[in-house]
Amino acid sequence: MAYHGPSYGLSRECQMKSQAKFDLTRARESCDWVEGVTGLTLDWPSSDGLVDQLAFGHALKDGVALCTLMNVLLPGAVPRISTMKAPFKQRENLELFLKGCENYGLKSQDLFQVNDLYENKNLYMVVDCLFALGGLAQKRGFDGPVIGVKVAMENKRNFSQDKLKESQKIIGLQYGSNKGASQAGMTAYGTGRQIIPGEAQKIVSTDSHKIIGLQSGSNKGASQAGMTPYGAPRQIIPDECVKKNKHNRERSSLPHSVEDVSHDSLGSHDEDSASSAVDEDSYSQSSVTEQEIGIGDSGDYER
């Protein structure tokens, strides 16, 4: 057998799992069964016999005992058993044993690979294969030593079509059971939550539905009077300021220059009174201008 060196990473993890699945008790039972059926004595690496899984692999890796076992269960399954110590001859014996197991009726998932035994990779699969082979031997009527659980015999049953249709009317236990319960009296899907029970609703008068319950909240009599309608532009200047600005704009349409004032209208006023009138008009014009831009008496508002 080739030496592959220590394993690391995932290979090391798989090797540790394989070693953990190996059961020494089951391995000893399988070896005793092989010796009891074949009459051979397995070649152990030491006088202590089967002490670990490496000793188990050493005793069976040449394939001689396994091929002899297969010929006892199924005569002629392995036509020629090689006793040479060459690795390829030992591997050939293992391949012939696996082929004989398949011809005997063993399923492919119960078999192992040659390297599982020859390179001590998955020795627990060899033990499982021997137990499955012993159970199949009991089913086929082998009268020698037994091992494992006997494979069940097929018990096929034929039912008529009417019987099969009757079975479709029964709800299997896999779907669960409601113990006779029903949905009578339950609120229909999609309806509102019924806080008041059904019997209590008959006592409640229809006028009570006109009252807004405390669960809906309360606005303490407040209303939306005076509020800007939804979608209307934002009103930055209050209504009173808008009216005052409109009045000032009407006043600004009056004449403000000296030429607009007739000398006849002055009458007996002298030049000093005329100049004072001009000063008053110009002051009113400046105050109108200030109010129009949003300062002065109207407050700090934008137009």
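Give me the one-decimal Kirkwood hydrodynamic radius in Å for segment 1-72, with the sum taken over alpha-carbon pairs.
Computed over Cα pairs of segment 1-72, the Kirkwood hydrodynamic radius comes out at 13.8 Å.
So how long is each side of segment 52-191 along the principal axes, counting just the alpha-carbon atoms, biggest first, in Å?
84, 39, 23
What number comes out for accessible area per residue over segment 27-148 if the probe is 1.4 Å? Units Å², please.
48
If you project the alpha carbons of segment 41-107 onto their three principal axes, what span does each projection cover, largest first, in Å?
35, 24, 19
Once the Cβ-Cβ distance between Tyr104 and Ser46 is put in as r, and R0 is 35 Å, what FRET efficiency do you end up with, to the nearest 0.05?
That pair, Tyr104 with Ser46, gives E of 0.60.
Over segment 99-167, what portion of Cα pair distances is larger than 13 Å, expressed as a whole percent?
71
Relative to the present Cα-Cα distance, how much length would full extension add between Lys163 and Gln15 at 0.36 nm per residue of separation?
Stretched fully, the Lys163-Gln15 segment lengthens by 48.0 nm.
The values are calculated or read from the model by the stated rules, or taken from the named source; none is laboratory data. Predicted model only: the values in this text are computed from it and were never measured. Reconstructed Cβ throughout: ideal geometry from the backbone, glycine too, with neighbour counts over all protein chains shown. With ligands, DNA and RNA removed, areas are computed over all heavy atoms of the protein, side chains included. Shrake-Rupley method; radii C 1.70, N 1.55, O 1.52, S 1.80 Å.
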